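Only one structure is covered here, and it is reproduced in the block below.
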C-alpha cells in the first residue's frame, strides 16, 4: 500500500468526518443552531433531499472524468466557506439563507464523493478496494463519534475546531492525491447494464432506510437507557479497522453483505427481546451496518472498476443512499420512542432488508458476468503484448513508413526495399528506426517474429 492508497483514505475519511459531524445532523449543527430559529429537521430537506433529487437527474448526462480533480478541490473550498458562513449567520432572523447554504454544501459533498470515487476506481486494484473503503468509513465514523463524545461533555469549541481540521486535512490529502495520480487503469469498454444500476440503487435505498431509523430512533433510545454510548461506536469501528488490517485475502462481497444483513437482523431481534437493556442489540446493529456500509460501497467501486462509468454509478447510487437516509430520518421523527413505534420501525427496516436481499442474486450474476468478461479482455491484451497487427501499423505509420513496412513483410533485403521505395539506404535506415519505435520492436527480426505471433493467436 503506497502513498496514493493513504491519500485516498485521508482525503475522504477526513471529509466524511466533517460531513457526519456537521452537515448530516451532527453535533456541530446542533451547537450552531441551538438557540436559533433554524429547524435542524427542516434543514435535512436542504442538505439531503436537494442533492438527492438534483444528482438523480444529472446522472443521466455523460459527465467526463476529466472534472474529477475539480470536483474534489472546489467542493472542499465551498464546504469550508459554507461552514464559516453558517457560523456567521446563525443569529440571522431569516432561516432561508441557512437552508440555501446547506443545500449548496449538500451538493458539494456529493460532487466530492463522486470525484473521489473516480480516483478510487482508477488507482486501486479490485482486490484491495475493500481495505481502502474500510479505513475511510472507520476513520470518518471514529471522528464523528469522538465529536459526539465531546458534545456529551459540552466541549463545543473542540468540536467546531475539528471541522476545520478535517476540511484542511481533506484538502491537503486531495491535493496530494491529484498531484501524484499519474497512472490510470485500463478501460475495458464493457457496457454497464441498466438493470444492474437500477437494482443497485434499490439495494442501497432499501438497506439504508434502516440506517436512518438507527440514527434518529434507536441511538437516542439506547442513550436514554445507558447514557453515553459513543464509546461503543468508536470501539466497533476501531475493531473493524484492526481486523481489516490483519486480513490479507479478498472477501467475496456478496457473501459479506449477506452476513452483515444477518447480523443486523440478529440485532433487531435482540432489541425486541431485551427492550429494557438494549446495549448488546445496539452493538450488533452498529457492527452490522458498519460492515454493510464498507462492502456495499466496495461493490459500487467494483462496478466502476469493471464497467468504467464511475461518475454515473456514484451519482445515481449516492442519490438513492441520500433518499434512503432522508426517509429513514423521517420515519424516526414520526415514530418516537414508544415500544409499539420501535416495533413498527424494526418491521419497516426488516422488510426493506428482505426486499433488498432478493436483488442480491441478480446483482451477483451480472457482476460475475462483467468480471469474467473483464478477465477475458485482460488475458487477450496480455497475449497481444508485443504483437504488431495490420490495424496498428495503419494507425501509427505515415504513408511512406507504411509502404516500407509492407515491403519488409515480404522478406526483402534492405537494398531491394530501398530500390522499390525509391529512397537511399540511409533514408531507409531512418524510416526503419521510426517504424520499430512506433510498433514497439527493436529490429526487423523482432517485427517479423511478432507477426508470426499474431498469426498463431
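The values are calculated or read from the model by the stated rules, or taken from the named source; none is laboratory data. As the structure is a computational prediction, the values presented were derived from the model and not from experiment. Using ideal geometry, Cβ is built from the backbone for each residue, glycine included, and neighbour counts are taken over all protein chains shown.
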I want to confirm something. Restricting to region 64-90 and keeping residues that are surrounded by 15 or more Cβ atoms within 10 Å (Cβ to Cβ) and in a loop (DSSP other than H, G, I, E, B), which single residue is modelled with the lowest pLDDT? 90
Quick one: in region 385-408, which of the residues that are at pLDDT below 80 and in contact with a helix residue (DSSP H, G or I) (Cβ under 8 Å, 6 or more places away or on another chain) is farthest from residue 443 (Cα to Cα)? 394
Just to be sure I understand the filter: pairs with C-beta atoms under 8 Å, separated by 6 or more residues or on different chains, first member in region 390-419 and assigned by TED's automatic domain parsing to the domain that holds residue 430 and within 17 Å of residue 449 (Cα to Cα), second member outside any helix (DSSP H, G or I) and at pLDDT below 85. Which pairs pass? 405/397
Filter region 259-277 down to the residues that are within 26 Å of the chain's Cα centre (by Cα) and without any contact (Cβ under 8 Å) to a residue 40 or more places away in the chain, then identify the one that is nearest to residue 218 (Cα to Cα). 263
Restricting attention to region 1-57, report how many residues are within 23 Å of residue 174 (Cβ to Cβ), assigned to a loop (DSSP other than H, G, I, E, B) and more than 20 Å from the chain's Cα centre (by Cα). 1
